[in-house]
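See below for the structure under consideration.
The values are calculated or read from the model by the stated rules, or taken from the named source; none is laboratory data. The structure displayed is predicted, hence computed values, not measured ones. So basically every Cβ, Gly included, is an ideal-geometry build from the backbone, and we count neighbours across all protein chains shown. Ligands, DNA and RNA are excluded from the accessible area calculation, which covers all protein heavy atoms including side chains. Shrake-Rupley method; radii C 1.70, N 1.55, O 1.52, S 1.80 Å.
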Amino acid sequence: AMICGATGAIAALVPTLVEEEGEEYLFYAVMLMGVIQALLGVFKAGGLVKLLPHPVMMGFCNGLAIIIGLAQLTLFKRPHEDDDHGDGHRRLRGGFGVFDEGGWISGAEAAWAATICIVAYTITQYFPKITKKVPPSLVAIVVATGVEHCIARPCGYKTQLVIDFADVKGPFPVPVWMQNKYAMPSFSASTFGKVVPYATVM
């Protein structure tokens, strides 16, 4: 239940682009976003963050925290059987409607899932007081994985894994232009005009 948080800020921005133009344009938007980030780094633009008013920063962070928090709660639910997208895996329905439907895990599975999350949270909060040379999130993932596979499963219990609702296997990644399932448009002025607003906000 720790996998989906990192994309929360970006995922809230891209659905409109994908729906209106197609997912091929998302690739261009992400590439352009990376170029913009690199340029901001070269020109040391990080200091401009100080110009943002504190209430704006707090509002953004609080909104992002709500989105990420709700995304975490969806992982305490069973994926819907009717959400198979053709790859043999079901999807989790979440977002602001997480409490609208049932499907919550229960019993020993819920207890173990909560225990693992509490262990991971505790490590991320207090491990930096021991040392800052090792990322606490990395330690939390290793320990949480150990709790699942070395304690819970030998005791006859288990919690949902990523493989239960998303495919973690696949071929070696190749450039998107070499994949038949995408019809990549040429990077023209028209394409640039469509993706630059999204890339800038992202």
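Roughly how big is the chain's charge dipole about its Cα centre, with Cβ charges of +1 (Lys, Arg) and -1 (Asp, Glu), in debye to the nearest 20?
1080 debye
May I ask for the distance between the Cα centers of region 96-168 and region 184-202, given as a whole number of Å?
38 Å
Please list the helices of the chain that count as membrane-span-like by this rule: a mean Kyte-Doolittle hydropathy of at least 0.5 together with Cα atoms stretching 24 Å or more along the helix axis, each helix being a complete DSSP H run.
Long hydrophobic helices here: 23-42, 54-74, 107-126.
State the answer as a single residue: which of VAL142, MET184, LEU13 lies farthest towards the positive end of the charge dipole of the chain, with beta carbon charges of +1 for Lys and Arg and -1 for Asp and Glu, about the Cα centre.
Most positive-ward Cα: VAL142.
Given a 1.4 Å probe and every protein chain left where it sits, what share in percent of the accessible area of region 156-201 is carbon and sulfur?
For region 156-201, the apolar C and S fraction of the accessible surface comes to 64 percent.
For a quick check of your reading of the filter: which trypsin sites (Lys or Arg not before Pro) in region 102-137 sit in a DSSP loop and have no more than 14 other Cβ atoms within 10 Å?
LYS132, LYS133
Could you work out [θ]222 nm for the chain from helices alone, using -39500 (n - 2.57) per DSSP H run of at least four and dividing by all its residues? Round to the nearest 500 deg cm²/dmol.
-15500 deg cm²/dmol
Counting chymotrypsin sites (Phe, Trp or Tyr not before Pro) as exposed when in a DSSP loop with at most 11 other beta carbons within 10 Å, what is the longest stretch of the chain free of them?
Within the chain, the longest run free of exposed chymotrypsin sites (Phe, Trp or Tyr not before Pro) spans 100-202.
Grab the other residues whose beta carbon is less than 13 angstrom from that of THR145, score K and R as +1, D and E as -1, and report the net.
My count for the surroundings of THR145 gives +1.
Here is the link list: LYS50/LYS169; LYS50/LYS181; LYS50/LYS194. Which ones come out longer than 32 Å on Cα distance?
Exceeds cut-off: LYS50/LYS169; LYS50/LYS181.
Amide H to amide H under 5 Å from LYS77: which residues, 5+ apart in sequence or cross-chain, H placed 1.01 Å off N in plane?
ILE105
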